[in-house]
Amino acid sequence: MKHTFIATLLAATIALPAYAADYTIIAPAAPGGGWDQTARSLQTALQQEKISGNVQVQNVPGAGGTIGLAQFSSQAAGNPNSLIVGGYVMVGAILTNKSPVTLKDVTPIARLTGEYEAVVVPAASEIKTMADLVAALKKDPGAVSWGGGSAGGTDHIAVGLIAKASGVDPTKINYVAFSGGGEALAAILGGQVTAGVSSYSEFESQVKSGTLRLLAVSSEKRIDGVDAPTLKEAGTDVIIQNWRMVAAAPGLSAEQVAAVTADFEKLHSSATWQETLKTKGWADTYLSGDAFKAQLEKDVSATEGILKDIGLVQ
């Protein structure tokens with residue numbers, strides 16, 4: 001009887017799916033924004049594809065992700081089950097906040113997605129086109145308020161580049177930073193700011209419902225299914241793409257890094273993740289390993305140059 005029980009238990013154990021380690025993913029921003037959406041999409045895909053049996057998401061907002069980054073790098077050191085999402089916004093925030101903790105203090109795993117910026121105004125706004133917005137900006141830069149993500153992030157950089165391309169001193173822009181996409185959206189819809197800038201997916205529902213007017217997108221060419229000109233097409237020569245990544249904790253062994261990377265290789269090729277990319281309108285810019293580390297170094301250097309040009313970093 002005892003042997004039969006043990007044999008049954010072993011058979012049941014063997015029949016269980018071979019999950020990787022459980023993960024905790026830090027979303028270093030408030031709920032509702034791009035990083036939160038990315039973290040929760042990863043949570044769903046990792047579990048549905050049986051790559052991980054249990055994935056938890058924790059929000060640690062503030063200072064363009066640098067608060068969450070600092071907490072993660074110190075508390076998760078050596079833990080292969082801890083992850084953090086980040087991206088282009090964080091690169092800028094590290095520079096503008098003079099953060100002592102940088103992306104060199106974590107273990108980059110993969111660039112996951114890319115997304116273009118969108119410029120919107122409330123549906124009731126007198127501003128009908130990008131040309132109208134630029135005209136108002138030229139007339140009185142300080143009178144045009146822009147709502148977006150954290151200072152020094154993609155949204156802030158985009159506004160600075162729009163100003164620069166329009167012949168306006170970027171240091172004169174009136175940029176209002178919000179720690180989460182939900183807060184920024186509420187301010188834009190409530191008319192507390194003149195215009196809003198963020199990734200298109202964060203505005204898509206409101207644009208389609210007619211509560212926001214989409215003026216332009218920051219892509220090189222028009223985006224399929226999006227009824228709006230590019231900034232360049234609208235007369236403002238700016239192209240900028242936001243990207244998002246996942247990183248592991250510092251202090252991992254080569255074997256641990258390889259195991260986490262393998263999980264994200266599986267995730268990237270999975271049906272669930274590919275469907276998520278389509279649903280969210282995220283471009284598949286997946287890049288991992290040494291190629292991603294090299295690209296990340298280039299992006300950090302280029303971002304520092306842009307921030308100096310538009311006066312956000314000395």
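If R0 is taken as 35 Å, the Cβ-Cβ distance between THR211 and LYS139 corresponds to a FRET efficiency of 0.85.
Amide H to amide H distances under 5 Å link THR285 with THR113, GLY114, where only residues 5 or more positions off or on other chains count and H is placed in the peptide plane.
For LYS164, the lysines whose Cα comes closer than 24 Å to its Cα, not counting residues fewer than 8 places off in the same chain, are LYS98, LYS128, LYS138, LYS139, LYS172, LYS221, LYS232, LYS298, LYS308. At a 1.4 Å probe radius, carbon and sulfur cover how many percent of the accessible area of the chain? It is 53 percent, rounded to a whole number.
For the chain, give the share of DSSP beta bridges that are antiparallel, in percent and rounded to the nearest 5; count only bridges with both residues there. Among the beta bridges of the chain, antiparallel pairing accounts for roughly 60 percent.
Working note: Karplus 6.51/-1.76/1.60 with θ = phi - 60° gives region 161-171 the couplings 5, 4, 4, 4, 5, 8, x, 9, 4, x, 6 Hz, where Gly and Pro are set to x.
Using θ = phi - 60° in the Karplus curve 6.51 cos²θ - 1.76 cosθ + 1.60, the 3J(HN,Hα) couplings for region 49-54 round to 8, 6, 7, 9, x, 8 Hz; x is entered for Gly and Pro. Take region 199-314, drop everything but the C-alpha atoms, weight them equally and run the Debye formula without solvent; then report log10 I(q)/I(0) at 0.19, 0.22 Å⁻¹ to two decimals. Log10 of I(q)/I(0), two decimals: -1.19, -1.28. For region 113-256, the antiparallel share of DSSP beta bridges with both residues in that region comes to about 65%.
Here's the list of lysines a cross-link from LYS50 could span, going by alpha-carbon distance under 19 Å and ignoring same-chain residues fewer than 8 apart: LYS266.
Grab the Cα-Cα distance for SER253 and LYS104, subtract it from 0.36 nm times how many residues apart they are, and report the gain in nm with one decimal.
Result for the pair: 52.1 nm of gain on full extension.
The equivalent ellipsoid of the chain has semi-axes of 40, 21, 16 Å, largest first, where each one is the square root of 5 times an eigenvalue of the Cα gyration tensor. In percent, how large is the relative contact order of the chain, given Cα pairs closer than 8 Å and 6 or more residues apart? About 26 percent, as a whole number. Computed 3J(HN,Hα) for region 187-196, one whole-Hz value per residue from the Karplus formula 6.51 cos²θ - 1.76 cosθ + 1.60 where θ = phi - 60°, is 5, 5, 5, x, x, 6, 10, 5, 9, x, glycine and proline marked x.
Once the Cα-Cα distance is subtracted from the 0.36 nm per residue extended length, the ASP237 to LYS221 segment shows a gain of 4.5 nm. To the nearest Å, what is the center-to-center distance of region 57-115 and region 269-299, using C-alpha atoms only? Region 57-115 and region 269-299 have Cα centres spaced 17 Å from each other. Between the amide H of ILE109 and those of VAL246, ALA247, ALA248, distances stay under 5 Å, these residues lying 5 or more places away or on another chain, with hydrogens modeled in the peptide plane. For region 114-232, rounded, prolate or oblate, judged on the Cα gyration tensor with a ≥ b ≥ c (square roots of eigenvalues), a/c < 1.5 rounded, else prolate if a/b > b/c? It is rounded, given that a/c, with a ≥ b ≥ c, falls under 1.5. Taking Cβ atoms as reference points and 10 Å as the exclusive limit, the residues near TRP282 contribute a net charge of +1, counting Lys and Arg as +1 and Asp and Glu as -1.
The values are calculated or read from the model by the stated rules, or taken from the named source; none is laboratory data. Note that the structure is a prediction, hence the values are computed from the model and not measured. Glycine gets a Cβ as well: all are built from the backbone with ideal geometry, and neighbour counts include every protein chain shown. Side chains are part of the model used for accessible areas, which takes the heavy atoms of the whole protein and leaves out ligands, DNA and RNA. Shrake-Rupley method; radii C 1.70, N 1.55, O 1.52, S 1.80 Å.
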